[in-house]
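J.: What follows is a single structure, and I will ask about it in a moment.
The values are calculated or read from the model by the stated rules, or taken from the named source; none is laboratory data. Note that this is a predicted model, so its numbers are computed, not measured. When we count neighbours, we look across all protein chains shown, and the Cβ atoms used for this are built from the backbone with ideal geometry, even at glycine. Accessible surface areas use protein heavy atoms only, side chains included; no ligands, DNA or RNA. Shrake-Rupley method; radii C 1.70, N 1.55, O 1.52, S 1.80 Å.
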Amino acid sequence: DAKTTQPTSMDCAEGRAANLPCNHSTISGNEYVYWYRQIHSQGPQYIIHGLKNNETNEMASLIITEDRKSSTLILPHATLRDTAVYYCIVRGIMEYGNKLVFGAGTILRVKS
Amino acid sequence: DAGVIQSPRHEVTEMGQEVTLRCKPISGHDYLFWYRQTMMRGLELLIYFNNNVPIDDSGMPEDRFSAKMPNASFSTLKIQPSEPRDSAVYFCASSLGQGFSGYTFGSGTRLTVV
């Protein structure tokens, strides 16, 4: 069962912020929101994850709504190298053997 | 750190032949995952290991597929006999613990079965 809903594709101008939305209305209390991306011909790359507080690292920021039913990944200054498929994944952490399951993701195209 | 290393990068084989894909995880990582990616089905988890022991192989498509992890630094995914529908990119990933701080993926092996 799909736990997340993402737009199929988005465009962003180089140097501008890229805001990638994700809906996860059925998220439960022990489930985290993870973001990965996959640049063409490469393996997926971990970006960031969070539970309910906003998170920031050197790659991106993750904003989670107060009801946790949706989130937004923000790339503050998108470059052409950020063109990739971005996956939003909901994953529980309490059960042993919980797996990382990828959906279709959002194709982000950064244009000059 | 060299990351997760997969070999070969590309493999072309004839239908019916045996294919072996190889993976070297990051040193110290105790979980190893094999994924397959196709246009039709996206990224699918095939099997994963914890401390060299297979934990969940429910994603392995059929008996033609087998995976082993003889030690902490090496794993193989074997297809015998191979079929054209096995053509895909196969990724190996490793993590420390259950990967709650992220998995590290290799660059993948692109398999073409003709």
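J.: Report the accessible area of B:Val114, computed with a 1.4 Å probe over the heavy atoms of all protein chains in place, in Å² rounded to the nearest 10.
T.: For B:Val114, solvent-accessible area is about 100 Å².
J.: Sticking with this structure for a sec: Kindly point out, ordered by number, any Cys in chain A whose beta-carbon has no other cysteine beta-carbon under 4.7 Å away.
T.: A:Cys12
J.: If you don't mind, there's one more thing I want to ask. Please pull out the direction-averaged projected area of chain A, using the convex hull of its alpha-carbon atoms, in nm² to one decimal place.
T.: Taking the Cα atoms of chain A, their convex hull projects to 6.9 nm² on average.
J.: How much of A:Tyr32 can a 1.4 Å solvent probe reach, expressed as accessible area in Å² and rounded to 10?
T.: 50 Å²
J.: Moving to a separate point now. Note down the accessible area of B:Glu62, probe 1.4 Å, to the nearest 10 Å².
T.: 60 Å²
J.: First select every other residue whose beta carbon is under 12 angstrom from the beta carbon of B:Lys68; then total the charges, Lys and Arg +1, Asp and Glu -1.
T.: Charge balance in the 12 Å sphere: +1.
J.: By how many nm would the segment from B:Ile55 to B:Arg110 lengthen if fully extended, with 0.36 nm per residue of separation less the alpha-carbon distance?
T.: Here the answer is 17.3 nm.
J.: Please give the residues of region A:5-45, grouped as numeric ranges, whose backbone N is less than 15 Å from a label point set 7 Å along the Cα-to-Cβ vector of A:Arg109.
T.: Inside the label zone: A:8-14, A:40.
J.: To continue, here is another question. Sorted by accessible area with a 1.4 angstrom probe, largest first, how do B:Met39, A:Met59, B:Met60, B:Met15 fall?
T.: B:Met39, B:Met15, A:Met59, B:Met60
J.: Is there a simple number for the mean count of other chain Cβ atoms within 10 Å of the Cβ of residues in A:32-44, and what is it? Spell out each step's value before the answer.
T.: Working: counts 1, 0, 5, 1, 4, 0, 5, 0, 0, 5, 5, 16, 10.
So the per-residue partner count for this stretch is 4.
J.: Tell me the volume per residue, in Å³, of the convex hull enclosing the alpha carbons of chain B.
T.: 93 Å³
J.: Here is a follow-up. Provide Rg and Dmax in Å for the protein assembly as shown, with only Cα atoms included in the calculation.
T.: 17.8, 54
J.: Next question, about the same structure. Run the reach check for B:Lys24 against lysines, Cα to Cα strictly under 24 Å, same-chain hits fewer than 8 apart removed. What comes back?
T.: A:Lys99, B:Lys68, B:Lys78
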